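Here is the structure we will look at.
The values are calculated or read from the model by the stated rules, or taken from the named source; none is laboratory data. The structure presented is a predicted model; accordingly, all values stated were derived computationally and were not measured. Backbone-built Cβ (ideal geometry, glycine too); neighbour counts: all protein chains shown.
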Amino acid sequence: MKRKTSGALSAILFATGLSLASAGYAAPAHKHDGHEAHGNAAGETMQLNAGKKWGTDESLRKSMSSIRQAVAASLHEIHENRLKPAGYLALARKVEGEVGNIVANCKLEPKADAQLHLVVADLLSGAEQMAGKIKKAKRQDGAVKVIGALEKYAAYFDDPQFKPIAH
């Protein structure tokens, strides 16, 4: 006998699946497109490509710009410590969604991809803090971590339209 699943239950199951999938992306190291990527463990630092910024693709540029815009729109409230938990949660979900898009559409060469995974690890770690998933961490510190990841992206990836957030 075939059961029908309600729309609400389907949405919950889908969200749970996304949540579990994004938890896998937050792991310190994982496989991606046949090569090993590295999380932001102690001692790992960003590197340029023989003195030049790493290449990007349209999907990456669009998602990073979207994250930047969302954070910039809340920056004053973050600085003033006035952003409510719901605001941090919305930012966290935005970051997680855009990271999901980046990971799903990753078309960088392996060395650039490995560098991008350092940025992604910081984005997801910051999103976890903003979402309140790390009990002893301040949500505001999560936003600071995301801003730091955006600064790394601007410094190490060739995206002429992207400007780090002035703060």
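Checking I134 against (1) part of a helix (DSSP H, G or I); (2) among the aliphatic types (A, V, I, L, M); (3) surrounded by fewer than 22 Cβ atoms within 10 Å (Cβ to Cβ), which single condition isn't satisfied?
Of everything listed in (1) part of a helix (DSSP H, G or I); (2) among the aliphatic types (A, V, I, L, M); (3) surrounded by fewer than 22 Cβ atoms within 10 Å (Cβ to Cβ), I134 misses just condition (1).
Restrict the check to segment 71-92 and report whether at least one residue is modelled with pLDDT of 95 or more, touching a strand residue (DSSP E or B) at 6+ places or on another chain (Cβ under 6 Å) and surrounded by 15 or more Cβ atoms within 10 Å (Cβ to Cβ).
no
Identify, by number, the condition in (1) out of contact with any Cys (no Cβ under 9 Å at 6 or more places or on another chain); (2) modelled with pLDDT of 95 or more that K136 doesn't meet.
(2)
Take the residues in segment 75-101 that are within 10 Å of the chain's Cα centre (by Cα) and hydrophobic (A, V, I, L, M, F, W, C), then tell me which one is farthest from V120 (Cα to Cα).
A92
It is to be established whether one or more residues within segment 47-62 are polar (S, T, N, Q), over 20 Å from H167 (Cβ atoms), outside any helix (DSSP H, G or I) and over 16 Å from the mean Cα position of the chain (by Cα).
yes
When you go through (1) more than 17 Å from R93 (Cβ to Cβ); (2) small (G, A, S); (3) touching a Phe, Trp or Tyr at 6+ places or on another chain (Cβ under 8 Å); (4) touching a residue at least 12 places away in the same chain (Cβ under 8 Å) one by one for A155, which number turns out not to apply?
(3)
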